[in-house]
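These notes concern the structure reproduced below.
The values are calculated or read from the model by the stated rules, or taken from the named source; none is laboratory data. Everything numeric in this text was worked out from a predicted model, so none of it was measured. FYI the Cβ positions are ideal-geometry reconstructions off the backbone, even for glycines, and counts take in every protein chain you see. Areas reflect the complete protein model, heavy atoms only, side chains present, ligands, DNA and RNA absent. Shrake-Rupley method; radii C 1.70, N 1.55, O 1.52, S 1.80 Å.
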Amino acid sequence: MHTFTTRQTLTPAILSLKNDGKKIGFVPTMGALHEGHVSLMRMAKADADVLVVSIFVNPTQFNDPSDLAKYPRPIENDMKLLQAAGCDILYLPPVEDVYPEGPGSSSAVKNAAGEIFDFGGMDKKLEGHSRPGHFAGVTQVVNILLNIVQPDNLYLGQKDYQQYLILNNMVQFLGLKLNVRRCPIIREPHGLAMSSRNVRLNQELRIKAGVIHTTLFYAASLKNILPAAEIETCCFDAINSLDDFEVDYFEMLDAQNLGEISASTREIVFITAVITGGVRLIDNVITSL
Ligand code: AMP
């Protein structure tokens, strides 16, 4: 595995591999790697020639400074995991390499014609409602990383479903020749979706948090029985009534655009955010209508 810390060295190395006909698969991460990240790497290894992983804890997507400060950064362990997963190139930049003009520089994503990416309101709901500016930071950093890495395939987890939809829209808007692949959610043995933040939970809460996944599946089983509003309220209350669990949202939406379910809806997403032990957990289940 080759580790690069600057774009000046990384981009030419990748362009030379592409000139040799190699397909580049890219997995952007914030580190503290787990089996969820590894599953994305496996998918990339299966259909690309070169696996590039980035580890960058992006300051512009954290609206809560204490969340940024507490974000785990076990880099030595991450390097071992990357080696084992067959990572070919690690991009591990300092903040100045990603943001030469500082992280406070404009976050707007522009296409070749100078038009600004419009979120269509998707950045204001669900995660965006509770974390103002979060998706501006996510699109800003991924746009920069895509410029630096120039991948053929981009692997994103369904776990961050709203992020996946927004980035997919951004790729279309920019007109990039890039396949975006959605990868399934990998879970802990009791059902909690794996996340780098889970290490901040004690063992009891980690097991108890399996209820989030169980409730999402219960909601999905009710899709043809009860109206959406009733499913949302009943599942919200079921989790919220547990000690130590506070639900931010629990919604049943059109999986294509996170809008209300309508006659044109083909797939539904049941999507939730729950805070427990001071940790924000997000999860979702997608089903056909
Ligand atoms: P992060 O390091 O949290 O920014 O995540 C990097 C990528 O890994 C994102 O595309 C996430 O959606 C994906 N990811 C995180 N957790 C999981 C999981 N449990 N299962 C599948 N993909 C995941």
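Can you find a residue that is assigned to a helix (DSSP H, G or I) and more than 30 Å from ASN19 (Cβ to Cβ) anywhere in the range 103-110?
Let us first name the residues in the range 103-110 that are assigned to a helix (DSSP H, G or I), namely none.
No - not one qualifying residue is present in the range 103-110.
Taking SER16, is it away from the ligand (no atom under 16 Å from the Cβ) and either of a type outside the set (A, V, I, L, M) or within 24 Å of TYR164 (Cα to Cα) (or both)? Taking the combined requirement at face value, the residue satisfies it. Residues in the range 200-234 that are closer than 28 Å to ARG73 by Cα and not in a helix (DSSP H, G or I): LEU201, ASN202, ALA209. Screening the candidates LEU51, LEU15 for the property of being surrounded by 13 or more Cβ atoms within 10 Å (Cβ to Cβ), in contact (Cβ under 8 Å) with a residue 24 or more places away in the chain, closer than 19 Å to LEU154 by Cβ and not aromatic (Phe, Trp, Tyr) yields one hit, LEU51. Within the span defined as the range 35-44, one or more residues are away from the ligand (no atom under 11 Å from the Cβ), buried (at least 17 other Cβ atoms within 10 Å of the Cβ) and touching a residue at least 60 places away in the same chain (Cβ under 8 Å).
Going through (1) closer than 30 Å to MET1 by Cα; (2) more than 11 Å from the ligand (Cβ to nearest atom); (3) crowded, with 17+ Cβ neighbours inside 10 Å one by one, GLY128 falls short only on (1). Among the residues of the range 274-289, the ones that are touching an Asp or Glu at 6+ places or on another chain (Cβ under 8 Å) and either more than 14 Å from GLN158 (Cα to Cα) or outside any strand (DSSP E or B) (or both) come to 7 in all. Got at least one residue in the range 61-79 being more than 20 Å from LEU281 (Cα to Cα), open to solvent by less than 60 Å² (accessible area, probe 1.4 Å), of a type outside the set (Gly, Ala, Ser) and in contact with a helix residue (DSSP H, G or I) (Cβ under 7 Å, 6 or more places away or on another chain)? No; the residues of the range 61-79 include none that is more than 20 Å from LEU281 (Cα to Cα), open to solvent by less than 60 Å² (accessible area, probe 1.4 Å), of a type outside the set (Gly, Ala, Ser) and in contact with a helix residue (DSSP H, G or I) (Cβ under 7 Å, 6 or more places away or on another chain).
If you take the residues in the range 131-174 that are of a type in the set (S, T, N, Q) and farther than 18 Å from PRO59 by Cβ, which one is nearest to the ligand (Cβ to nearest atom)? Give the derivation first.
Just the residues of the range 131-174 that are of a type in the set (S, T, N, Q), to begin with: 139-140, 143, 147, 150, 153, 158, 162-163, 168-169, 172.
Now restrict to residues that are farther than 18 Å from PRO59 by Cβ: 147, 150, 153, 158, 162, 168-169, 172.
Values: ASN147: 18, GLN150: 18, ASN153: 13, GLN158: 7, GLN162: 10, ASN168: 12, ASN169: 15, GLN172: 18 Å.
That would be GLN158.
Somewhere in the range 100-113, is a residue closer than 23 Å to VAL38 by Cβ, open to solvent by 30 Å² or more (accessible area, probe 1.4 Å) and either under 14 Å from the mean Cα position of the chain (by Cα) or modelled with pLDDT under 95 (or both)?
Narrowing the range 100-113 to residues closer than 23 Å to VAL38 by Cβ: none.
Looking for residues that are closer than 23 Å to VAL38 by Cβ, open to solvent by 30 Å² or more (accessible area, probe 1.4 Å) and either under 14 Å from the mean Cα position of the chain (by Cα) or modelled with pLDDT under 95 (or both), one finds none in the range 100-113, hence no.
This table checks each residue for (1) open to solvent by 40 Å² or more (accessible area, probe 1.4 Å); (2) farther than 21 Å from LEU10 by Cβ; (3) out of contact with any Ser or Thr (no Cβ under 8 Å at 6 or more places or on another chain); (4) within 13 Å of the ligand (Cβ to nearest atom).
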site: LYS124; (1), (2), (3), (4): yes, yes, yes, no
site: ARG182; (1), (2), (3), (4): yes, yes, yes, yes
site: GLY191; (1), (2), (3), (4): no, yes, no, yes
site: GLY210; (1), (2), (3), (4): no, yes, yes, no
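Candidates are the residues of the range 19-34 that are open to solvent by 30 Å² or more (accessible area, probe 1.4 Å) and either small (Gly, Ala, Ser) or over 13 Å from the mean Cα position of the chain (by Cα) (or both); the one that is nearest to the ligand (Cβ to nearest atom) is HIS34.
Restricting attention to the range 239-255, the residues that are open to solvent by 50 Å² or more (accessible area, probe 1.4 Å) and without any contact (Cβ under 8 Å) to a residue 60 or more places away in the chain total 6.
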